[in-house]
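Colleague: Pasting in a structure now, in structure tokens, and then I'll have a few things to ask.
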Amino acid sequence: MKSIASYVPKNCITNKDFERIIDTSDEWITKRTGIKTRYFADNNEDSSELGVKAANLAISRAGIKVDDIDLVICATLSPDYLSMPSNACLISNRLGIENKPAFDIAAACSGFVYLLSLAKSFIESNAYNNILIVGAEKFSSILDFSDRSTCILFGDGAGAAVIGATNNENERIIDVNISANGKYNDFLMTPRSLGSNLNFSSEFDVSNIQATQSYVKMKGNETFKIAVKTLANDVEEILARNNININDIKYFIPHQANLRIINAVGDIIGIDNSKVVVTVNKYGNTSSASIPMAMDDIYKDGRLKKGDLLLLDAFGGGLTWGSSLLYFNGE
Ligand code: UT7
């Protein structure tokens with residue numbers, strides 16, 4: 001990974017702000033989730049725009065030019081358009097990239113780790129030299145602000161990285177282990193009945209179409225339990241298959257959904273607390289952007305250094321999950 005960057009929109013929403021619109025309290029949100037603030041994009045700032053801002057910075061930090069990018073892939077569950085054009089095409093266009101492949105993937109909060117898996121394969125097969133990967137979310141656009149169990153959890157933001165070819169063993173993505181189980185597809189979903197599941201006949205009966213069906217729904221408690229178990233298993237599996245000890249990891253960067261999940265996983269895998277990166281308190285859950293935003297936080301404050309061995313761990317709707325071991329190679 002040659003660089004990491006992020007973009008945080010400017011509107012800070014506190015727990016107190018939610019107290020004004022739903023039956024909740026700063027105390028409940030803090031205790032159950034660890035979240036204190038999250039940031040929402042402006043009305044005219046789409047998820048692709050957030051992605052462009054992170055991507056521009058990632059490219060300049062990688063010390064390359066826009067023309068050097070061979071492929072753009074974006075992970076998002078809140079794209080500007082329901083089906084096309086992809087956010088990756090919109091991002092490419094605004095960066096000034098032409099005639100290079102660009103596409104989106106749908107792996108919810110595991111999106112960034114899925115992107116790493118793709119980038120690693122493309123780089124190692126010598127298909128491309130510099131790949132721009134972007135996780136970009138305008139989660140506020142799919143929140144039901146009358147559902148207190150979900151609307152307080154999520155935030156907007158974007159993270160981007162440049163993955164480049166290297167011959168140096170200590171600069172590579174060592175491993176990415178991704179998986180999914182659609183059996184649990186209803187744990188976290190955005191029904192979007194205006195999408196492909198709208199039957200031809202019901203199209204003519206508008207009373208069947210409820211606006212709220214396009215908002216995110218979650219079985220929070222069930223998701224919580226399976227998240228802790230899966231995230232911990234993920235770590236044990238990837239460390240074992242690469243013969244790496246947890247003490248060799250410089251930073252553990254898990255998906256930022258809930259501080260209680262992060263702490264529970266940290267305890268199970270036995271990692272020193274000082275190595276666990278936490279940003280959920282500031283940004284809430286920003287889905288595919290949460291891991292790169294957390295990485296950029298420790299890059300910006302000077303903790304993340306070239307050569308650091310990182311362990312990433314993600315979990316999200318689908319259900320999808322995945323982990324990665326990699327060296328950070330940014331300056
Ligand atoms: O990013 C993908 C992965 N995402 C996750 O893994 C998220 C996993 N889930 C969670 O983080 C937690 O389940 C939540 C934070 C969503 C909920 O916490 P919980 O401890 O599981 O609470 P609960 O759903 O069991 O609800 C407990 C109570 C309920 O009230 P009753 O039925 O006991 O009277 C809820 O209605 O808390 C109530 N509640 C709230 N109260 C105040 C739910 N949301 C709120 C709220 N404010 N915002």
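Colleague: Are any of the residues in the range 141-148 open to solvent by less than 30 Å² (accessible area, probe 1.4 Å) and within 17 Å of the chain's Cα centre (by Cα)?
Modeller: yes
Colleague: Could you say which residue among Ala240, Ala232 is small (Gly, Ala, Ser), over 23 Å from Gly157 (Cα atoms) and open to solvent by 30 Å² or more (accessible area, probe 1.4 Å)?
Modeller: Values: Ala232 fails: open to solvent by 30 Å² or more (accessible area, probe 1.4 Å).
Just a single option satisfies the conditions, and that option is Ala240.
Colleague: Please go through the range 321-331 and pick out each residue that is within 16 Å of the ligand (Cβ to nearest atom) and open to solvent by less than 10 Å² (accessible area, probe 1.4 Å).
Modeller: Taking the range 321-331 and keeping what is within 16 Å of the ligand (Cβ to nearest atom), we get 321-323.
Residues satisfying the conditions are Gly322, Ser323.
Colleague: Just give me the residues in the range 44-54 being among the small types (Gly, Ala, Ser) and either under 16 Å from Pro85 (Cβ atoms) or not assigned by TED's automatic domain parsing to the domain that holds Ala88 (or both), in sequence order.
Modeller: Kept after step one, since they are among the small types (Gly, Ala, Ser), are these residues of the range 44-54: 47-48, 51, 54.
Ser47, Ser48, Gly51, listed by residue number.
Colleague: In a helix (DSSP H, G or I) and out of contact with any helix residue (DSSP H, G or I) (no Cβ under 7 Å at 6 or more places or on another chain), is that true of Ala294?
Modeller: On the way: in a helix (DSSP H, G or I): yes; out of contact with any helix residue (DSSP H, G or I) (no Cβ under 7 Å at 6 or more places or on another chain): yes.
Against the criterion (in a helix (DSSP H, G or I) and out of contact with any helix residue (DSSP H, G or I) (no Cβ under 7 Å at 6 or more places or on another chain)), Ala294 qualifies.
Colleague: Evaluate the following for Ala54: is it touching a helix residue (DSSP H, G or I) at 6+ places or on another chain (Cβ under 7 Å) and either among the charged types (D, E, K, R) or within 22 Å of Cys109 (Cα to Cα) (or both)? Don't jump to the end; show me each part of the working.
Modeller: Working: touching a helix residue (DSSP H, G or I) at 6+ places or on another chain (Cβ under 7 Å): no; either among the charged types (D, E, K, R) or within 22 Å of Cys109 (Cα to Cα) (or both): yes.
Criteria not met by Ala54.
Colleague: Among the numbered criteria (1) assigned to a helix (DSSP H, G or I); (2) within 16 Å of the ligand (Cβ to nearest atom); (3) buried (at least 19 other Cβ atoms within 10 Å of the Cβ), which single criterion is violated by Ala119?
Modeller: Ala119 satisfies all of (1) assigned to a helix (DSSP H, G or I); (2) within 16 Å of the ligand (Cβ to nearest atom); (3) buried (at least 19 other Cβ atoms within 10 Å of the Cβ) except (2).
Colleague: Can you name the number of the only condition in (1) in contact with a Lys or Arg (Cβ under 9 Å, 6 or more places away or on another chain); (2) surrounded by fewer than 17 Cβ atoms within 10 Å (Cβ to Cβ); (3) over 20 Å from Thr30 (Cα atoms) that Lys300 fails?
Modeller: Lys300 satisfies every listed condition except (1).
For every residue, the table says whether it meets (1) crowded, with 19+ Cβ neighbours inside 10 Å; (2) modelled with pLDDT under 95; (3) within 15 Å of the ligand (Cβ to nearest atom); (4) not basic (Lys, Arg).
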residue: Leu188; (1), (2), (3), (4): yes, no, yes, yes
residue: Leu194; (1), (2), (3), (4): no, yes, no, yes
residue: Ile246; (1), (2), (3), (4): no, no, no, yes
residue: Pro254; (1), (2), (3), (4): yes, no, yes, yes
residue: Asn258; (1), (2), (3), (4): yes, no, yes, yes
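Colleague: Tell me which residues, restricted to the range 235-270, are assigned to a helix (DSSP H, G or I) and under 17 Å from the mean Cα position of the chain (by Cα). Walk me through how you get there before you give the answer.
Modeller: Going through the range 235-270, the residues assigned to a helix (DSSP H, G or I) turn out to be 235-241, 246-248, 259-269.
Listed by number, the residues that qualify are Leu259, Ile261, Ile262.
Colleague: Do we find that Val216 is closer than 19 Å to Phe187 by Cα, touching a helix residue (DSSP H, G or I) at 6+ places or on another chain (Cβ under 8 Å), within 16 Å of the ligand (Cβ to nearest atom) and open to solvent by less than 10 Å² (accessible area, probe 1.4 Å) in this structure? Working first, answer last.
Modeller: Working: closer than 19 Å to Phe187 by Cα: yes; touching a helix residue (DSSP H, G or I) at 6+ places or on another chain (Cβ under 8 Å): yes; within 16 Å of the ligand (Cβ to nearest atom): yes; open to solvent by less than 10 Å² (accessible area, probe 1.4 Å): yes.
In short, yes.
Colleague: Further, regarding this structure: For the range 58-70, state whether one or more residues are among the polar types (S, T, N, Q) and buried (at least 18 other Cβ atoms within 10 Å of the Cβ). Let's see the steps before the verdict.
Modeller: First, pick out the residues of the range 58-70 that are among the polar types (S, T, N, Q): 60.
Filter again for buried (at least 18 other Cβ atoms within 10 Å of the Cβ), leaving none.
For the range 58-70, residues among the polar types (S, T, N, Q) and buried (at least 18 other Cβ atoms within 10 Å of the Cβ): absent.
Colleague: Among the residues of the range 18-52, count how many are closer than 13 Å to Ser149 by Cα, aromatic (Phe, Trp, Tyr) and open to solvent by 10 Å² or more (accessible area, probe 1.4 Å).
Modeller: 1
Colleague: Hey, another quick one. For Asn281, indicate whether it is open to solvent by 20 Å² or more (accessible area, probe 1.4 Å) and without any contact (Cβ under 8 Å) to a residue 60 or more places away in the chain.
Modeller: On the way: open to solvent by 20 Å² or more (accessible area, probe 1.4 Å): yes; without any contact (Cβ under 8 Å) to a residue 60 or more places away in the chain: no.
When the stated conditions are applied, Asn281 does not pass them.
Colleague: Under 7 Å between Cβ atoms, at least 6 apart or on separate chains: pull out the pairs that start in the range 301-319 with a residue that is farther than 20 Å from Ala75 by Cα and end on any residue that is more than 16 Å from the ligand (Cβ to nearest atom) and of a type in the set (S, T, N, Q).
Modeller: That search, which allows pairs on different chains as well, returns Lys306/Asn329; Gly307/Asn170.
Colleague: May I ask you to verify whether Lys225 is open to solvent by 10 Å² or more (accessible area, probe 1.4 Å), in contact with an Asp or Glu (Cβ under 9 Å, 6 or more places away or on another chain) and either within 11 Å of the ligand (Cβ to nearest atom) or of a type in the set (Asp, Glu) (or both)? Spell out the reasoning first.
Modeller: Working: open to solvent by 10 Å² or more (accessible area, probe 1.4 Å): yes; in contact with an Asp or Glu (Cβ under 9 Å, 6 or more places away or on another chain): no; either within 11 Å of the ligand (Cβ to nearest atom) or of a type in the set (Asp, Glu) (or both): yes.
Here the answer is no, as Lys225 does not meet what is asked.
The values are calculated or read from the model by the stated rules, or taken from the named source; none is laboratory data. This one's a predicted model, so the numbers in the text were calculated from it and none came from an experiment. When we count neighbours, we look across all protein chains shown, and the Cβ atoms used for this are built from the backbone with ideal geometry, even at glycine. Heavy atoms of the whole protein, side chains included, go into the accessibility calculation; ligands, DNA and RNA do not. Shrake-Rupley method; radii C 1.70, N 1.55, O 1.52, S 1.80 Å.
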